[in-house]
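The structure under discussion appears below in the form of structure tokens.
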Amino acid sequence: MEALDRDLEGSEVELPVEPMLINVGPSHPAMHGTVRVVMELSGESIARCDVQVGYLHRGFEKMCERGTWTQCYPYVDRCNYVSPMLNNVGFSLACEKLLGVEVPERCQWYRMALGELARISDHLTCDGAMAMELGAFTPFLWMMKCREMVWEILEEETGARLTHSFGRVGGMAKPPTADFKPHVTAAVEHILQVLGEVERLLYGNRIFLDRLENVGVIRTEDAISLGWTGPALRACGVPYDVRRAAPYLRYGEVEFEVPVGTRGDCLDRFLVRIEEIKQSARILAQCVRRMPDDGPVNVDDPRVVLPEKGDVYSTIEGTIRHFKIVMEGLKLPAGEVYSYTEGGNGEMGFYLVSDGSGTPWRVRIRPPCFYVTGGLEHLITGHMLADVVPCFGSLNMIGGECDR
């Protein structure tokens, strides 16, 4: 490349300029410690880049293959540690599909409610952090306070704030608490109020809009070619949502919209997540209204569900049943299955292979983050160095899910 300068007499002189090669990440705070981007800069513009994942080495799939089916839950929690309940539900549905069972109605509504709370937590984290990285710290604090309300409900229900391990093959670990419905209603009402304040603060901010609008644009065809799903794809105008395209649990019975964008830029990805929080609030209101107050949350099959602790300590039948499920594991029929749900970042798929024993023979996951992060190079090439942060933030890369 060549630059123009002027000599003492005023005539133009060509000066040689070489491109600069820099590394952003994995220790860069905006790269979350798990992604490295090698950039070739021409001034402040990115001429070429190479996006590299693989710095976390979670080993999720192989660890699952060394334990029983139930012992996989702590691992699926850690795939997406911002919305782990969605992973709990997704893995449970995959196992139940292979087993050929369907959980009771109360459990289905309960799973939907917990999953939508987790989705709200995921989107609040993404958009809040995205605003903070652009200098808007106040909305970040507001949205983290809302996320804290969600986590308090999940902690009340599961006993853990973040990694719940609450799902079970054939149901859930415990039924809903007595105050679950009023707590959800109150939290959702407050979250919607805060979202209104965030919108008033950001949507009229010229700096915020200039940093996101028409930045990180991707064509619909390219997004589909890369395997994008979830909010990142819907921001391109594709209304693909697993809850609507292939309904599971009771999603086919509830009313909600699938928000879509028009330009496929960083701003659309931000707005789609905001609107999806509102749609999750609609779904939660219907779950609270329609979930029965009584009834089982587990299938009535002693070969699948652990007995009550009182029976374990007081009856020989309960002790034997507990021992066999814990030590030998559930006996899922031999075969293979692929089950997919709508995770926080898109289509979360589990491909399971069973040889009929209590241990999975193969476990494979389709992590939506991996495909979305693969499009980062497409987004930032040709943009300025400062545009890397909003582009990367808008993709909501979760390290455990991406580098499983």
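The values are calculated or read from the model by the stated rules, or taken from the named source; none is laboratory data. Small disclaimer: the values here were computed from a predicted structure and weren't measured. Here the Cβ is made from the backbone with ideal geometry for all residues, glycine too, and neighbour counts use every protein chain on show.
For the range 384-404, a tally of residues being buried (at least 18 other Cβ atoms within 10 Å of the Cβ) and within 11 Å of residue 46 (Cβ to Cβ) returns 3.
Consider residue 317 carefully, then state whether it is part of a helix (DSSP H, G or I) and modelled with pLDDT of 95 or more. Taking the combined requirement at face value, the residue does not satisfy it.
Per the listing 78, 48, the residue uniquely in contact (Cβ under 8 Å) with a residue 60 or more places away in the chain and more than 23 Å from the chain's Cα centre (by Cα) is 48.
For the range 365-378, check the following and say yes or no: at least one residue is farther than 22 Å from residue 38 by Cα, assigned to a strand (DSSP E or B) and either assigned by TED's automatic domain parsing to the domain that holds residue 259 or of a type in the set (Lys, Arg) (or both). So far as the range 365-378 goes, yes, one or more of its residues are farther than 22 Å from residue 38 by Cα, assigned to a strand (DSSP E or B) and either assigned by TED's automatic domain parsing to the domain that holds residue 259 or of a type in the set (Lys, Arg) (or both). How many residues are closer than 30 Å to residue 71 by Cβ and without any contact (Cβ under 8 Å) to a residue 12 or more places away in the chain if we restrict to the range 179-204? Going through the range 179-204 one residue at a time, the tally reaches 0.
Among 373, 341, which is the only one that is on the phi < 0 side of the Ramachandran plot, out of contact with any Cys (no Cβ under 8 Å at 6 or more places or on another chain) and either of a type in the set (Asp, Glu) or surrounded by 23 or more Cβ atoms within 10 Å (Cβ to Cβ) (or both)? Going through 373, 341 in turn, just one is on the phi < 0 side of the Ramachandran plot, out of contact with any Cys (no Cβ under 8 Å at 6 or more places or on another chain) and either of a type in the set (Asp, Glu) or surrounded by 23 or more Cβ atoms within 10 Å (Cβ to Cβ) (or both): 341. Against the test of being touching a residue at least 24 places away in the same chain (Cβ under 8 Å), under 18 Å from residue 251 (Cβ atoms) and touching a His at 6+ places or on another chain (Cβ under 7 Å), the options 276, 347, 342 yield a single qualifying residue, 276. Just one of the listed residues (192, 162, 202, 141) is closer than 23 Å to residue 91 by Cα and not small (Gly, Ala, Ser), namely 162.
Summed over the range 189-203, the residues that are in a helix (DSSP H, G or I) and more than 22 Å from the chain's Cα centre (by Cα) give a count of 9. Taking the conditions (1) modelled with pLDDT of 95 or more; (2) surrounded by 24 or more Cβ atoms within 10 Å (Cβ to Cβ) in turn, residue 130 satisfies each one other than (1). On the given criteria, is residue 103 touching a strand residue (DSSP E or B) at 6+ places or on another chain (Cβ under 9 Å), under 16 Å from residue 249 (Cα atoms) and crowded, with 22+ Cβ neighbours inside 10 Å? The answer is yes for residue 103. Of the numbered criteria (1) farther than 27 Å from residue 247 by Cβ; (2) aromatic (Phe, Trp, Tyr); (3) surrounded by 24 or more Cβ atoms within 10 Å (Cβ to Cβ), the one residue 69 fails is (1). Tallying residues that are over 14 Å from residue 190 (Cα atoms) and assigned to a helix (DSSP H, G or I) within the range 131-150 yields 8. If you go through the range 344-358 and pick out every residue that is in contact with a Ser or Thr (Cβ under 6 Å, 6 or more places away or on another chain) and in a loop (DSSP other than H, G, I, E, B), you end up with 3.
For the range 220-305, the helices (runs of 4 or more DSSP H) that sit wholly inside it and include 2 or more residues that are surrounded by 20 or more Cβ atoms within 10 Å (Cβ to Cβ) and modelled with pLDDT of 95 or more are 230-234, 242-245, 266-290.
Hey, any hits in the range 167-185 for a residue that's in the same structural domain as residue 329 (by TED's automatic domain parsing), at pLDDT 95 or above, more than 18 Å from residue 295 (Cα to Cα) and buried (at least 20 other Cβ atoms within 10 Å of the Cβ)? So far as the range 167-185 goes, yes, one or more of its residues are in the same structural domain as residue 329 (by TED's automatic domain parsing), at pLDDT 95 or above, more than 18 Å from residue 295 (Cα to Cα) and buried (at least 20 other Cβ atoms within 10 Å of the Cβ).
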